[in-house]
Amino acid sequence: MKHTTTHSQTEPAAKGFSPGFAALGLEASLLTTLEALGYEEPTPIQREAIPPLLEGRDLLGQAATGTGKTAAFALPLLQRIAHGPRQRPTALVLVPTRELAVQVSEAVQRYGKELRIGVLALYGGQAMGPQLQALRRGVEVIVATPGRALDHLRRKTLKLADLQVVVLDEADEMLDMGFADDLDAILEQTPAGKQTALFSATMPPRIASIARRHLKNPVDVTIAREPVKAGAAPRVQQTAYVVARQHKVSALARVLDIATPKSALVFCRTRLEVDEVTAALNGRGYRAEAIHGGMSQVQRDRVMQAFRSGQTELLVATDVAARGLDIPSVSHVINYDLPSSLEVYVHRIGRTGRAGREGAAMTIIEPREQRLLRAVEQHTKAKITVAAVPSLGDLLAKRLERTKASIQETLEAGELEDFRRVVEALSASAEPADIAAAAIKLVYRSHGGERAEEEIPAVSTRPPEPYRSSRPSYGSAPQQGDRARAPRGGPSRGGRAAGTVRVYVGAGRAAGIRPGDLVGAIANEAGVPSRMIGAIEVEERFSLVDVQEEAARQVIEALGRTRIKGQRVAVRLFRD
Ligand code: AMP
């Protein structure tokens, strides 16, 4: 069964629960939490996945990070287990990386606040002691990477006999990382009557095979995407700035400082964010006003009036509040978050560049949302430039440039007689150039030139690298739990098992390489058994493969002769 979705046009009541969420069958305590979080309406994946999951159906969902899929499985999961046994695992969420384990467990905790459900994240690279203690104390939801979950199952420190719900999150990523056997091993130890949900951004045949084996008559949820008609997507310049979550507000302010829009719309996903962002921007000297579904009609009218008259330069809005509002075309649309659906993105950026005028759409994204950005590009058939957040140097240069421009304008406008007299008076004790410099300094200051600013750390404009299992072979081999990877940076990290060397392969993600391709090429071409292959790291433009020392020469020669994904690539011994 394929589900498709359309957006409801109804506005939520100014106060009270979102009718959108209530209609999905969620109980009052969860609705209270969603209200407190400022969620105004379900995202498409939530609208489609929550009802069947609440009914207890298995589900196969195609959704990427950023679509709201965590709440799509977490809310029904919480409702289903809330009235069951406590202090033992009744729900298990398997995720590919440590980063995701932390994020998902925090999200489940947030959504389950009213229900007082305990959540524990289990991942490799974390000390066993606290994990064991927490497991002994008893907890209802486990969010784990497969390697570490299996580790605990083997030690019998994790028991799944009471499990009611299993979720495989980002299943394609888990398979890419070689967790297929681990998943099978874990799922074999779960009770037959449990509910299983599988979410994956892509649906390659390998996912279908897992689904066939582990899901019972699943509901198939794909959010249908209406392709944008040729010429229908707004032609505006689109830029995305990748930044860590904790620097999003500073990044937004920096982007605005550089762009200096006369009027801009800033979109956020939740009411809470709208309020936070508005407060932060006002704190930085912007005239920003919030508009969201929690406000009365009178309040909204007042805000819109102020925006139309130019009294307010920035309108910070949720999608629901902006929908149906007669907002004049703005020079900039800024997405503080990527919206949860492509249609909403197109709708948002359509607020700029109207009637042949130039428009710009800027999006602040977290590293893990980059995948979604590519989907947006495909959907809108338009390039989105990924740029680093402007640096402090860029900002200062921009302010100086602005100062210079306004001085030039003033010079051209003339009528400087009164001021010349001041210069003449000052000339008695100072050089004219110094007097001019002092005056410029004052103008520069008034442009915010000396406001204390911090550098915003740049992040890799690539998807975050996962923490991978340290097992000696990529295929099925003894488990040693997941290993926390060294921080990113160049390919100069250690942590290799003794007796292995690292081989550099001059092709990576950009060429469509996955770890499995390298294992395949090495096993087939070099005739080296997979147990001799260790950790594989696929970066954007290169990959690193750990192989047993004795097999290195064979691997390098064989790979050097072969085409990988149809290309001949440089292969050599990598020296840290
Ligand atoms: P996810 O795709 O699960 O990683 O969620 C992406 C972001 O969307 C998270 O920051 C959530 O807090 C937020 N989010 C999820 N559902 C909603 C919703 N219905 N309304 C507003 N924000 C949401």
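Throughout, read-outs are computed from the coordinates displayed, never taken from laboratory work. Bear in mind that the values here come from a model prediction, so they are computed numbers and not experimental data. So basically every Cβ, Gly included, is an ideal-geometry build from the backbone, and we count neighbours across all protein chains shown.
In this structure, the amide hydrogen of ALA121, modeled 1.01 Å from its nitrogen in the peptide plane, lies closer than 5 angstrom to those of VAL143, counting only residues at least 5 positions away or on a different chain. The gain in end-to-end length when the GLU557 to ALA127 segment is fully stretched comes to 150.8 nm, 0.36 nm per residue minus the alpha carbon separation. Computed from point charges on the beta carbon alone (+1 for Lys and Arg, -1 for Asp and Glu), the dipole magnitude for the chain about its Cα centre is near 1440 Debye. Could you please state, rounded to a whole Å, how far the C-alpha centre of region 157-171 is from the C-alpha centre of region 42-65? For region 157-171 versus region 42-65, the Cα centre distance is 18 Å.
Relative to the longest principal axis of the Cα atoms of the chain, helix 205-214 runs at roughly 60 degrees. Computing Rg and the Kirkwood Rh from the Cα coordinates of region 337-377 gives a ratio, Rg/Rh, of 1.01. The loop-placed trypsin sites (Lys or Arg not before Pro) in region 172-225, going by DSSP, that have at most 12 neighbouring Cβ atoms within 10 Å of their Cβ come out as LYS216. Taking every alpha-carbon pair under 8 Å whose residues sit at least 6 apart, the chain reaches a relative contact order of 14 percent.
Which order do the peptides 561-571, 536-546 take when ranked by the mean count of other beta-carbon atoms within 10 Å per residue, highest first? Numbers along the way, then the final one.
Values: 561-571: 14.4, 536-546: 20.5.
Ranking the peptides 561-571, 536-546 by packing returns 536-546, 561-571.
The eigenvalues of the Cα gyration tensor, multiplied by 5 and square-rooted, give region 7-110 an equivalent ellipsoid with semi-axes of 22, 16, 14 Å from largest to smallest. Compared with the dominant principal axis of the Cα atoms in the chain, helix 128-137 is inclined by about 80°.
Less than 5 angstrom separates the built amide H of ALA197 from those of LEU59, VAL166, VAL167, LEU168, all sequence-distant by 5 or more or on a different chain.
Would you work out the relative contact order for region 32-72, in percent, from Cα pairs under 8 angstrom that are 6 or more residues apart? Don't jump to the answer; show the numbers that get you there.
Working: 21 pairs, mean separation 19.0, N = 41.
Computed value for region 32-72: 46 percent relative contact order.
In order along region 85-91, the Karplus-derived 3J(HN,Hα) couplings, from 6.51 cos²θ - 1.76 cosθ + 1.60 at θ = phi - 60°, round to x, 10, 6, 8, x, 10, 9 Hz, and Gly and Pro are given as x. Does region 277-317 come out rounded, prolate or oblate, given a ≥ b ≥ c as the square roots of the eigenvalues of its C-alpha gyration tensor, rounded meaning a/c under 1.5 and, failing that, prolate meaning a/b above b/c? Oblate shape, in that a/c is at least 1.5 and b/c is the bigger or equal ratio. Treating each Cα of the chain as an identical point scatterer and summing with the Debye formula, the log10 of I(q)/I(0) at q = 0.05, 0.06, 0.07 Å⁻¹ comes to -0.27, -0.38, -0.51.
Neighbour counts of C-beta atoms inside 10 Å place PHE17, PHE267 in the sequence PHE17, PHE267, starting with the fewest.
How many percent of Cα pairs in region 2-224 exceed 29 Å? Within region 2-224, distances greater than 29 Å cover 22 percent of Cα pairs. Label-to-label distance for ARG136 and ASP184 is 3.5 nm, based on points extended 7 Å past Cα in the beta-carbon direction.
Approximating the spin labels as points 7 Å out from Cα along Cα→Cβ, the SER427-to-LYS381 distance works out to 6.5 nm. Amide H contacts of THR500 (H built 1.01 Å from N, in plane; Pro and chain starts excluded): GLU549 sit under 5 Å, all sequence-distant by 5 or more or on other chains. Measuring how big region 235-390 is from its alpha-carbon positions, Rg and Dmax come out at 14.3, 40 Å.
Once you reduce region 351-410 and region 534-576 to the center of their Cα atoms, the two points are 39 Å from each other. Dividing the mean sequence gap of close Cα pairs (under 8 Å, 6+ apart) by how many residues region 2-224 holds gives a relative contact order of 28 percent. Which entries of LYS156/LYS216; LYS248/LYS441; LYS248/LYS383; LYS113/LYS216; LYS69/LYS194; LYS262/LYS404 show an alpha-carbon separation above 25 angstrom in the structure shown? With Cα atoms farther than 25 Å apart: LYS156/LYS216; LYS248/LYS441; LYS113/LYS216.
Which peptide among 410-421, 127-138 comes first, and what is the full order, when sorted by highest mean count of other Cβ atoms within 10 Å? It would help to have the intermediate numbers written out before the result.
Working: 410-421: 8.9, 127-138: 12.6.
In descending order of packing, they fall as 127-138, 410-421.
Helix 392-413 and the longest principal axis of the Cα set of the chain meet at an angle near 20°. By DSSP, the beta bridges lying fully in the chain are antiparallel in about 25 percent of cases.
Taking neighbour counts of Cβ atoms within 10 Å as a proxy for exposure, in what order, fewest first, do LEU100, LEU573, LEU256 appear? Please report the intermediate quantities before stating the final value.
On the way: LEU100 26, LEU573 12, LEU256 21.
Starting with the residue having the fewest Cβ neighbours, the order is LEU573, LEU256, LEU100.
Computed from label points 7 Å out along Cα-Cβ, the spacing between GLN246 and ARG302 is 3.7 nm.
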